[in-house]
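Below: one structure, written as structure tokens.
The values are calculated or read from the model by the stated rules, or taken from the named source; none is laboratory data. These figures come from a predicted structure and were not determined experimentally. Here the Cβ positions follow ideal geometry from the backbone for every residue, glycine too, while neighbour counts run over all protein chains shown.
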């Protein structure tokens with residue numbers, strides 16, 4: 001009897017546990033034989049296209065794209081939802097060796113459907129030869145879509161306008177949400193380059209942007225942007241507003257207008273490096289970083305520990321109409337205007353280095369660490385929980401290493417100099 005009771009208890013315990021399923025991995029390669037889904041679990045017998053590979057997926061599975069060029073795009077709802085513990089993943093076998101050149105103009109669409117827990121990782125989305133009005137990735141969170149990871153992709157060569165009045169601007173990523181918080185969308189480690197190179201001075205149509213978004217609750221981190229004709233990250237207040245976003249540890253070089261331009265409230269912008277913002281053709285307005293634009297209810301934006309260098313916007317940082325807010329521990333050097341301004345009350349600006357040489361290690365080589373003897377070393381103020389929010393910097397260094405912190409985007413105390421990981425040092429006019 002005792003054994004029977006123990007057996008029944010054990011059986012009840014096993015039946016009460018959730019059944020665990022093992023996620024599958026499939027492979028696809030552009031062209032060739034379209035092998036079965038069962039065969040495509042072997043990298044040597046892949047499916048013949050990305051779309052055919054996605055048709056094999058269940059929630060939480062992974063599709064690995066082998067190197068090559070895929071002339072196809074993915075529409076809403078084609079990728080099955082994953083779960084918090086197991087995202088459905090589309091990734092390149094070797095980072096950035098799988099190239100999507102979608103003739104329809106959108107490589108990935110997440111609009112109008114309730115999609116969650118999906119990751120796009122390590123692909124190249126290339127707009128060469130695709131015309132003018134192009135969006136590489138379009139996300140709409142209006143219907144509840146969220147929890148998307150857009151990681152480590154290269155988004156490049158999207159043309160934009162062909163002249164004044166054409167209205168054919170290009171977007172690396174368009175992200176729209178009608179709510180402000182907890183969308184769970186993360187843009188991390190992506191490279192944006194050559195977006196909107198067809199845009200022309202004095203055009204009356206919209207400019208092209210690296211990321212255009214009208215939503216909240218997103219994280220933009222460790223991305224790089226080069227040669228963007230319009231703004232790098234443009235958050236527009238229409239369609240629900242742009243609040244509660246985090247923009248951190250990004251690198252911008254050669255943006256037509258501001259590197260970061262947005263409105264609304266409670267955004268955190270820190271540890272970013274901005275080089276040569278406002279070089280055209282877009283309007284050189286509002287500041288290399290500008291918040292609280294176009295909105296009467298903007299407040300409490302935090303702009304701290306950014307490095308802004310050699311930019312041509314009409315000021316370094318502009319708090320606009322954002323009530324309250326803080327600009328702190330920023331370096332503004334060698335810009336056409338190193339001012340930090342605000343049109344609203346309650347704004348705090350302190351511990352910023354404006355116009356004084358911060359002694360960068362080598363600005364020409366994009367190394368914005370600080371040399372020993374820099375006036376920015378240990379000159380920052382620890383406040384606003386900055387040690388929690390701002391750690392680590394984009395090179396992985398602990399933001400707070402003592403009782404004070406450095407100004408600027410990087411922590412380079414004393415003679416301890418660490419070379420930046422990428423950016424790729426794609427200087428203006430260089431060949432990618």
Given the criteria surrounded by fewer than 24 Cβ atoms within 10 Å (Cβ to Cβ) and touching a residue at least 40 places away in the same chain (Cβ under 8 Å), does residue 280 qualify? yes
Can you find even one residue in the stretch 263-274 that is under 27 Å from residue 169 (Cβ atoms), in a loop (DSSP other than H, G, I, E, B) and modelled with pLDDT of 95 or more? yes
Within the stretch 374-388, is there a residue that is farther than 17 Å from residue 404 by Cβ, surrounded by 16 or more Cβ atoms within 10 Å (Cβ to Cβ) and either under 23 Å from the mean Cα position of the chain (by Cα) or at pLDDT below 90 (or both)? no
Taking the stretch 101-132, which residues are in contact (Cβ under 8 Å) with a residue 40 or more places away in the chain and over 19 Å from the mean Cα position of the chain (by Cα)? 132
Kindly indicate which of 367, 314 is surrounded by fewer than 24 Cβ atoms within 10 Å (Cβ to Cβ) and either in contact (Cβ under 8 Å) with a residue 40 or more places away in the chain or more than 29 Å from residue 216 (Cβ to Cβ) (or both). 367
